[in-house]
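The values are calculated or read from the model by the stated rules, or taken from the named source; none is laboratory data. Here the structure is a predicted model, which is why all the values come from computation and not from measurement. Ideal geometry is used to build each Cβ from the backbone, glycine not excepted, and the neighbour counts take in all protein chains shown. For the accessible areas, the whole protein counts, side chains as well, though only heavy atoms, and no ligand, DNA or RNA atoms are used. Shrake-Rupley method; radii C 1.70, N 1.55, O 1.52, S 1.80 Å.
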Amino acid sequence: MATTTLTLTRPDDWHLHLRDGAAMADVLPHTARQFARAIVMPNLKPPVTTTAQAVAYRQRILAALPPGLAFEPLMTLYLTDNTSADEIRRAKASGVVHGVKLYPAGATTNSDSGVTDIRRCKVALETMQREDMPLLIHGEVTHAEVDVFDREARFIDEVLIPLRRSFPALRVVLEHITTRAAVQYVTEAEGRIAATITAHHLLYNRNAIFLTPGGRAGVRPHYYCLPVLKREIHRQALLAAATSDNARFFLGTDSAPHPRGEKESACGCAGCFTAATALEMYAMAFEQAGALDRLEAFASFRGADFYRLPRNASRVTLERRDWTVPEELRFGEATVVPLAAGETLPWKLAA
Ligand code: DOR
Ligand code: ZN
């Protein structure tokens, strides 16, 4: 008989965009219902570049949490060309900052203040290595001449490998990996490296941006994110990594809400909103791979171990029950369209 319920240690989301203000208050409960903790990305406008800003942002998140939901935001700083050694030491001493995020300038949403040349960050990186503060990486080169689909693989060769040679003891998370090259690199590299994998990169290949599940052609902006969905061979490599027993691969949704109108636009924003459906989508992917028994390690153990935080004690239960993903959800003054809106998912998180 097919499994009808699945109970796991409550998972954590090791890569999440919560935004700020009323929009954050609307998306936060979706994450807090599913996850005990999340690594919260710092790409606000303006970005979270100081410990003081991260502490204040954390307070706003906690203040917006509905009563009865326990959730711990794990804060990050946004690395710039000017991040100082003192700032890294303050971040470490705060106890609430758990990583520093490298966005190559111009790589994605709100990355204009990102790093223009990693060689400018030598002092910050040295201090992070010494203080054992993880570096979280958006791994794409941004040169206009590099094909969008090749940007991750090029980043590994041109930036990541030299960077890790210079800072061999630095703990690194290659975020939201999308290619076979990234899986291979993270599997084979020496030292302290891990990678997060999103549910959408496990479930979809790049056809999803251009075709409906029924095969009808049309641009589907809600499936556009960065790094962009890749070919099927890459999805297969990611699925094999996520469902393997390799502790370097763990869950990070990269749920990245944008107002509906800014996605459905002539220059639509990158980002897929998956916070409301995350575990259900991961369960679907793991089940397709015949590996539901591996979901708990991926979702609930390996990230906590890598970040040196205790594993959660509470549990969540998924039920096998068809349900339809809502067409849209509240997002401050606007709405946000969840990924797979209108589609049927076979697992549902029990209330
Ligand atoms: O698709 C994305 N959206 N990729 C990112 O790296 C950033 C994110 C966002 O903040 O919207
Ligand atoms: Zn992200």
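What the table shows:
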{"read-out": "Test: residue in the stretch 84-105 that is hydroxyl-bearing (S, T, Y), open to solvent by 10 Å² or more (accessible area, probe 1.4 Å) and either within 22 Å of R248 (Cα to Cα) or within 16 Å of ligand 2 (Cβ to nearest atom) (or both)", "value": "no"}
{"read-out": "Tally, over the stretch 235-291, of residues that are aromatic (F, W, Y) and away from ligand 2 (no atom under 16 Å from the Cβ)", "value": "3"}
{"read-out": "Residues located in the stretch 314-351, provided they are open to solvent by less than 40 Å² (accessible area, probe 1.4 Å), part of a loop (DSSP other than H, G, I, E, B) and within 24 Å of L295 (Cβ to Cβ)", "value": "V325, L339, A340, A341, A350"}
{"read-out": "Per-region count, the stretch 239-275, residues within 16 Å of ligand 1 (Cβ to nearest atom) and not hydroxyl-bearing (S, T, Y)", "value": "19"}
{"read-out": "When residues of the stretch 267-299 are limited to those that are assigned to a helix (DSSP H, G or I) and of a type in the set (G, A, S), the one nearest to A351 (Cα to Cα)", "value": "A278"}
{"read-out": "Breaking point among (1) open to solvent by 30 Å² or more (accessible area, probe 1.4 Å); (2) out of contact with any helix residue (DSSP H, G or I) (no Cβ under 7 Å at 6 or more places or on another chain); (3) outside any helix (DSSP H, G or I), for R311", "value": "(2)"}
{"read-out": "Residue count, the stretch 1-42 (criterion: modelled with pLDDT of 95 or more, over 18 Å from A256 (Cα atoms) and of a type outside the set (A, V, I, L, M, F, W, C))", "value": "5"}
{"read-out": "E296 being more than 18 Å from Y204 (Cα to Cα) and of a type in the set (D, E)", "value": "yes"}
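Here's the yes/no breakdown for (1) of a type outside the set (F, W, Y); (2) closer than 27 Å to F301 by Cβ; (3) touching a Pro at 6+ places or on another chain (Cβ under 8 Å):
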site: R192; (1), (2), (3): yes, yes, no
site: A195; (1), (2), (3): yes, yes, no
site: T198; (1), (2), (3): yes, yes, no
site: H201; (1), (2), (3): yes, yes, no
site: N207; (1), (2), (3): yes, no, no
site: Y223; (1), (2), (3): no, no, no
site: L226; (1), (2), (3): yes, no, no
site: H234; (1), (2), (3): yes, yes, no
site: A237; (1), (2), (3): yes, yes, no
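Per-residue answers, yes or no, for (1) surrounded by fewer than 20 Cβ atoms within 10 Å (Cβ to Cβ); (2) of a type in the set (S, T, Y); (3) within 16 Å of ligand 2 (Cβ to nearest atom):
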residue	(1), (2), (3)
T3	yes, yes, no
H15	no, no, yes
G21	yes, no, no
V27	no, no, yes
R33	yes, no, no
R37	no, no, no
P42	no, no, yes
A56	yes, no, no
A64	yes, no, no
